[in-house]
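A quick write-up on the structure given underneath.
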Amino acid sequence: MIKKISAIIMGIVLVSAVAIPAVVFAADNEAEQSASTLQATTIAIKDQAGTTAVTTITFPAGDPGATVSNPSNSESQEQVFGAAEVAKPVVTLDSPASYTVWYQVENFSNSVVASEYFALLAHDAACADADAVSTAMTLDDTPYTTEISITDAAVMDLYLKVTLGSVAGETGTSTLTILGES
């Protein structure tokens, strides 16, 4: 009895497969897609105290080729070098978890900046002088080319400096994008 039921079921499956019109198998092998994501809020760029979101960082004017190491943030707080708890970064990165931090820096418009450097330190750590800000950033619009590890959930201090390009009398802008990945 069991063998007969199996044979009947197999017969129904085969008949169903044969009865499907050939049009169903035709395809032009194309499909349109779209996708979007929301902005991650895992790492916040904040002021020196880590309380207010920062939207801009401004380097003051300097002579062509000069190093400028005293940027200020949108809260009018200027980067300061010194001993622990005296030094103040231009911004802090507020991270609720351990992350690998990826960043992207666009080329500055008008070739105003030839190179940019950073130092990422523990909050309220010493940053003696501009020589401590020595890790080169990539200025090429390539997304997320460099990584830095934040090993503990923390507020980290970000110090910046730039070497100005050879053009005179120009102003330029760039965007710094920071992404955290656990």
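Each value in this text was obtained by applying a stated rule to the coordinates, not by laboratory testing. Note that the coordinates shown come from a computational prediction; the quantities given were computed from them, not determined experimentally. Cβ coordinates were reconstructed from backbone atoms using ideal geometry, including for glycine residues, and neighbour counts include every protein chain displayed.
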Query raised in the report: If r is the Cβ-Cβ distance from Thr67 to Ala97 and R0 is 35 Å, what FRET efficiency results, to the nearest 0.05?
Result: 0.55
Requested in this report: Provide the packing ranking of 120-130, 156-166, 69-79, i.e. peptides ordered by the mean count of other C-beta atoms within 10 Å per residue, highest first.
Outcome: 156-166, 69-79, 120-130
Query raised in the report: When Lys and Arg each count +1 and Asp and Glu each count -1, what net charge do the other residues less than 15 Å away from Thr51, Cβ to Cβ, add up to?
Result: -3
Query - HN-Hα J in Hz across region 45-62 - Karplus 6.51, -1.76, 1.60, θ = phi - 60°, x for Gly and Pro - result: 9, 10, 6, 4, 7, x, 10, 10, 5, 9, 10, 9, 10, 10, 9, x, 5, x
Report task. Find how much the distance from Ser134 to Thr51 grows on full extension, using 0.36 nm per residue of separation minus their present alpha carbon separation; answer in nm with one decimal. Result -> 27.2 nm
